[in-house]
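Just below is one structure, and these are the notes that go with it.
The values are calculated or read from the model by the stated rules, or taken from the named source; none is laboratory data. Values in this document were obtained by computation on a predicted structure and should not be read as measured data. Every residue, glycine as well, gets a Cβ built from its backbone with ideal geometry; the counts of neighbours run over all protein chains shown.
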Amino acid sequence: MTKSSEISGFYKLSTAERRRFVQEWAGLTDEEATAYEFPPGIDPGLFGRMIENVIGSFALPLGVATNFQVNGRDVLVPMAIEEPSVVAAASNSAKVARGTGGFRASTTLPVMIGQIQVVDVADPSGGRHRILDAKERLLKSANERDPMLVKFGGGARDLEVRIVPSPRGTMLVLHLLVDARDAGGMNAVNTMCEALAPQVAELAHGRVVLRIISNLAVYRLARATATFPAAKLATEHATGAEVVEAILDASTLAAVDPFRCATHNKGIMNGISAVVVATGNDSRAIESGAHTYAAFLAKDDGGVVKPLSTYEKNSEGDLVGTIELPIAVGLIGGATAVHPTAKANVKLLGVKHASELAEILASVGLAQNFGALRALATEGIQRGHMGLHARNIATTAGARPDEIDRVVERLIAEHAIRIDRAKEILEELRRGGAS
């Protein structure tokens, strides 16, 4: 019998009923279906208020990165991520930076961009001027939509109008610049843009299509810098000075080659996204903004994409790392305000303002990036991943708790961390043929 995913009234079912339906659909055993159960401390009704068609929850490992010092304050950093060695690399990098004062970070004002797209404009230059002439009226109208944001010092600050050629004709794109304060800004900005749309269409003598926030938050930047002493970078096979030079070589490739730059920036986001998820913020928006900003940085020099971090050698021969990227996170609204784990993690971080969270995020991104470059420039990235990855493979192969260590030892010694080899080793162990 052919199954259909067209299910009338699925959203009307209770969570338990939807779970039973999915279990029968997929042929899950009762044991397999327990994976959908809610963890202790979570109100099942909470998730149903956050998204649609809830059947359960998906748990990620939650670790804590240690050793961080940001702007003179010691911080424990919660990180939700499934990838091995990320938490350890960030912690180790932060330890290296502590000797020179840790991370120094800053942010710009939390200004978000709302876009209003206007098409079918006969005189784009004239339309642009008519909108700009009405700027004060438009800003006043926008701020009337969110008096609470204005009360706390935020609100619509300015607007820009761009003339954008396209295959479907020249468009006008209005940018409404909104100080979101300690919020991410999505709801406030979207509401303001929708409220202004009729006025903008009338001024431009055109038709409004899109009116929505942009995740390329070029006015809401976070920056961090740290010095990594060469003396602490020496390995068994290389001096600290040699490691510094190797990291400079590695980071330079990211500046000239988009294939390396994609992985370089991904390493940065390993750290940042893990904290964003742990605090209930929008990881997709942060990722999109960061990677688009990397392309935005390259637009004036003919490049394709740029690394979000840079490395230089100071006069003492130490390595100095810097990072800059848009980070639009909030502490008000969304999952951050309602998810109990996210709330606990925000309290663990000890942040009171979104800018403080953004500064920590930039610092973690730089730490994670440095850790990856250091590993690549010395022992290779696999060594750090090897142990945990081997344990995952052994578990997947069916190793019992008392067998895992022996399987892992063999996998690492043979440099064959593969599921097929893990199964073979298990068979040998169980036949009593292990050496």
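Taking only the stretch 226-270 into account, find how many residues are touching a residue at least 12 places away in the same chain (Cβ under 8 Å) and among the hydroxyl-bearing types (S, T, Y). Of the residues in that region, 3 qualify. Counting only residues that are farther than 15 Å from L174 by Cβ and in a loop (DSSP other than H, G, I, E, B), the stretch 187-215 holds 1 of them. Can you tell me which residue in the stretch 252-266 is farthest from P326 (Cα to Cα), limited to those that are of a type in the set (G, A, S) and surrounded by fewer than 23 Cβ atoms within 10 Å (Cβ to Cβ)? Looking at the filtered set, the residue picked out is A255. All conditions but one from (1) crowded, with 23+ Cβ neighbours inside 10 Å; (2) farther than 24 Å from V87 by Cβ apply to T310; the one that does not is (1). Count of the stretch 213-232 residues, restricted to those that are within 15 Å of E312 (Cα to Cα) and touching a helix residue (DSSP H, G or I) at 6+ places or on another chain (Cβ under 6 Å), is 4. Does S125 qualify as being hydroxyl-bearing (S, T, Y), in contact with a strand residue (DSSP E or B) (Cβ under 8 Å, 6 or more places away or on another chain) and farther than 20 Å from A278 by Cα? Yes; evaluated as a whole, the condition is true for this residue. Find the residue count for the stretch 66-82, including only residues that are surrounded by 12 or more Cβ atoms within 10 Å (Cβ to Cβ), assigned to a loop (DSSP other than H, G, I, E, B) and either more than 20 Å from the chain's Cα centre (by Cα) or not assigned by TED's automatic domain parsing to the domain that holds N345 (or both). Total satisfying the criteria: 1. For the subset of the stretch 132-175 comprising residues that are in a loop (DSSP other than H, G, I, E, B) and of a type in the set (A, V, I, L, M, F, W, C), which member is surrounded by the most Cβ atoms within 10 Å (Cβ to Cβ)? Per the criteria, the residue is A134.
What residue, among those in the stretch 388-418 that are free of Cβ contacts under 8 Å to residues at least 12 places away in the same chain and assigned to a helix (DSSP H, G or I), is nearest to G432 (Cα to Cα)? It comes out as D402. Checked against (1) surrounded by 21 or more Cβ atoms within 10 Å (Cβ to Cβ); (2) out of contact with any Asp or Glu (no Cβ under 8 Å at 6 or more places or on another chain); (3) hydrophobic (A, V, I, L, M, F, W, C), V276 passes all but condition (2). Is it the case, given these coordinates, that G63 is closer than 26 Å to T341 by Cα and assigned to a loop (DSSP other than H, G, I, E, B)? No, not satisfied.
Take the stretch 89-129 and flag every residue that is buried (at least 17 other Cβ atoms within 10 Å of the Cβ) and in a helix (DSSP H, G or I). The answer is A89, A90, S91, N92, S93, A94, V96, A97, P124, G127, R128. Residues of the stretch 297-349 that are under 26 Å from P78 (Cα atoms) and assigned to a loop (DSSP other than H, G, I, E, B): P307, L308, I327, A328, V329, G330, L331, G333, H339. For the stretch 20-52, the set of residues classified as out of contact with any Ser or Thr (no Cβ under 9 Å at 6 or more places or on another chain), more than 25 Å from K3 (Cβ to Cβ) and loosely packed, with under 10 Cβ neighbours inside 10 Å consists of P40, R49, listed by residue number. Taking only pairs six or more apart or across chains, which ones have beta-carbon atoms under 8 Å, a first residue in the stretch 202-224 that is over 18 Å from K135 (Cα atoms), and a second residue that is in a helix (DSSP H, G or I) and of a type in the set (D, E, K, R)? Here the result reads A222/E359; A224/E359, each pair linking the stretch 202-224 to a residue that is in a helix (DSSP H, G or I) and of a type in the set (D, E, K, R).
Scan the stretch 21-42 for residues that are in a loop (DSSP other than H, G, I, E, B), closer than 29 Å to V275 by Cβ and touching a helix residue (DSSP H, G or I) at 6+ places or on another chain (Cβ under 8 Å) and the total you get is 3. Under 28 Å from M186 (Cα atoms), in contact (Cβ under 8 Å) with a residue 12 or more places away in the chain and not in a loop (DSSP other than H, G, I, E, B): does that describe L46? The answer is yes for L46.
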